């Protein structure tokens, strides 16, 4: 099963790559099975066994998710978008779109409200599966530490008072109707104007979705010595006036000073835990004596956590003047 999870991950990555490049010819079952060197029957059976859904259904839902973003963000005609994503006609695209999202493409373009998109599945994750890191290499990059001023913005999020860490957060959220991983990440992925969005379509990796911790007297005592509540959401412009999903919270975050602890790109499978330990140590050992600031642990202040192995691993923590 370990090896098959890795094989299915190859297919999942290939699907997104082909969709982004409008390469519909490479998205046939025959082409994907050939890439793995297995029969079409064996590939589809294993895909469903591991992912819980048919390959054709996953492929179709991912195409629609990419198409929805183009309808939302581009000025291309709906017909052109339909053809780009492999639909034979405007009617076929409209029918599939409405079946998936409850509105037609033209209705959504006029009113792009939050919609649950099919997020990319990740069947092979060493940490989620409990394998930990391979440990063959160790990064020699230093932790960059610097101060920033972040302008006022909004933070749309869900929170969990009991969770302890990213995986535990989602395990607990998945038990709450309407606040599970696929629903929340799908809704957040559909929202336009996220401040940290660089066009990605994976949770916590380029899609503008981030983990955060709000200093909260009613929260869980963290390793840093103060109570906090774990959150997951997106930063939005201060003038954002779009619809807020009913299961989420929206707060205003004022302009403020922060300190950043940042590690550069790293190999997720081989270095994730090592990088995490290194950055935690840097935060614990940081000497504020030559600065005018201290960590601000007052209620309501937010710590942002950015995680994208291709770019960085960083904490952005609030500070206050001494």
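When residue 146 is tested against (1) closer than 30 Å to residue 187 by Cα; (2) modelled with pLDDT of 90 or more; (3) exposed (fewer than 12 other Cβ atoms within 10 Å of the Cβ), only condition (1) is not met. Residue pairs whose Cβ atoms lie under 6 Å apart, separated by 6 or more positions or on different chains, with the first residue in region 159-175 and closer than 21 Å to residue 315 by Cβ and outside the structural domain of residue 234 (by TED's automatic domain parsing) and the second in a loop (DSSP other than H, G, I, E, B) and modelled with pLDDT under 90, do not occur. The criterion of at least 2 residues that are within 23 Å of residue 100 (Cα to Cα) and in contact with a strand residue (DSSP E or B) (Cβ under 9 Å, 6 or more places away or on another chain) is met by the following strands (runs of 3 or more DSSP E) wholly inside region 163-248: 197-202.
Note on region 21-59: residues that are touching a helix residue (DSSP H, G or I) at 6+ places or on another chain (Cβ under 7 Å) and under 28 Å from residue 111 (Cα atoms) total 3.
The residue list 265, 318 contains one member that is modelled with pLDDT of 90 or more and farther than 21 Å from residue 207 by Cβ, which is 318. If the condition is being closer than 25 Å to residue 74 by Cβ and either surrounded by fewer than 16 Cβ atoms within 10 Å (Cβ to Cβ) or at pLDDT 95 or above (or both), then region 194-231 contributes 198, 199.
May I ask you to verify whether residue 234 is crowded, with 17+ Cβ neighbours inside 10 Å, over 30 Å from residue 117 (Cα atoms), at pLDDT 95 or above and in the same structural domain as residue 184 (by TED's automatic domain parsing)? No: the conditions fail for residue 234. Go through the residues of region 261-278 one by one and say whether even a single one is out of contact with any strand residue (DSSP E or B) (no Cβ under 7 Å at 6 or more places or on another chain), surrounded by fewer than 20 Cβ atoms within 10 Å (Cβ to Cβ), farther than 20 Å from residue 308 by Cα and in the same structural domain as residue 309 (by TED's automatic domain parsing). So far as region 261-278 goes, no, none of its residues is out of contact with any strand residue (DSSP E or B) (no Cβ under 7 Å at 6 or more places or on another chain), surrounded by fewer than 20 Cβ atoms within 10 Å (Cβ to Cβ), farther than 20 Å from residue 308 by Cα and in the same structural domain as residue 309 (by TED's automatic domain parsing).
The values are calculated or read from the model by the stated rules, or taken from the named source; none is laboratory data. Everything quoted here is computed from the prediction, not taken from an experiment. Neighbour counts run over all protein chains shown; Cβ positions are idealised from the backbone, glycine included.
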